[in-house]
Amino acid sequence: SAVTKYEAENATIAQGVVESNHAGHSGTGFVNYDNVAGSSVEFTAQAATAGSATLKFRFANGTTINRPLDIAVNGTVVAAGVAFNGTGAWTTWQDVTVTAQLAAGTNTIKATATTANGGPNLDYLETDIATQQPGNDF
Ligand code: GCU
C-alpha cells in the first residue's frame, strides 16, 4: 500500500487558525478550528489509481465533548458526523480512521465541523491507498 501524510497546516483552512502551542503535533503545527459549525480543513490528496483508501485523521480534543466532523471526498459527504471525542488533553493526540473511495489523480478531502463547538485540533491526514501491482505489500 501507499501511505502519504498531509499536514493540516498546509491544507486549505476556512474558519480556523494554524497554531503550535500544544506539544506532540507533527510538522510545524496543527489547525485550531474556530468554535463554529461549518469551520473546515480541506486537503488535496493524490491517488495513483482509483480505489479504496483509509483516511487517518490525527487530532486532539482537550474537552470532554465530542467534536464531530463531516468527511467529504470530492464534494460528497462519505462519512457524516464522525466522532472526534475528548482525548484527555490538548497534548494527547489520537487517530480516527474512515474508509473511502478515491478517484485516480487529485482528490479533495474536506473535514467540516457540524456543531457550534467547531472541530478538534487537527494535526494531519494520512492516506493509505491500496495498491495492486505484483510485488507490492498488499
Ligand atoms: C483551547 C485550546 C485550543 C483549542 C480551543 C478549543 O483554547 O488551547 O488549542 O482549539 O481550546 O476549544 O477549540
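Can you grab the distance from the C-alpha centre of region 16-31 to the C-alpha centre of region 68-138, Å, no decimals? Taking the Cα centre of region 68-138 as reference, the centre of region 16-31 is 17 Å away.
At a 10 Å Cβ-Cβ cut-off, how would you order Ser40, Ser52, fewest neighbours first?
Working: Ser40 23, Ser52 11.
Result, fewest neighbours first: Ser52, Ser40.
Between Asn21 and Gln94, the modelled label-to-label distance comes to 2.4 nm, taking each label 7 Å out from Cα in the direction of the beta carbon.
Equivalent ellipsoid semi-axes for the chain, as square roots of 5 times the alpha carbon gyration tensor eigenvalues: give them largest first, rounded to whole Å.
Numbers: eigenvalues 130, 49, 34 Å².
Gyration-tensor ellipsoid for the chain: 25, 16, 13 Å.
A cut-off of 5 Å between modelled amide H atoms, ignoring neighbours fewer than 5 places along the same chain, links Gly16 with Asp34.
So if R0 is 22 Å, what FRET efficiency would Thr44 and Ala80 give, r being the distance between their Cβ atoms, rounded to the nearest 0.05? Write out the running numbers ahead of the final one.
Numbers: r = 22 Å, r/R0 = 0.98.
It comes out at approximately 0.55.
The label point for Ala14 and the one for Thr63, both projected 7 Å from the Cα toward the Cβ, are 2.1 nm apart.
Just so you know, all these numbers are worked out from the coordinates, no wet-lab data involved. Being a predicted model, the structure only gives us computed values, none of them experimental. Please note: Cβ atoms are built from the backbone with ideal geometry, for glycine as well, and neighbour counts cover all protein chains shown.
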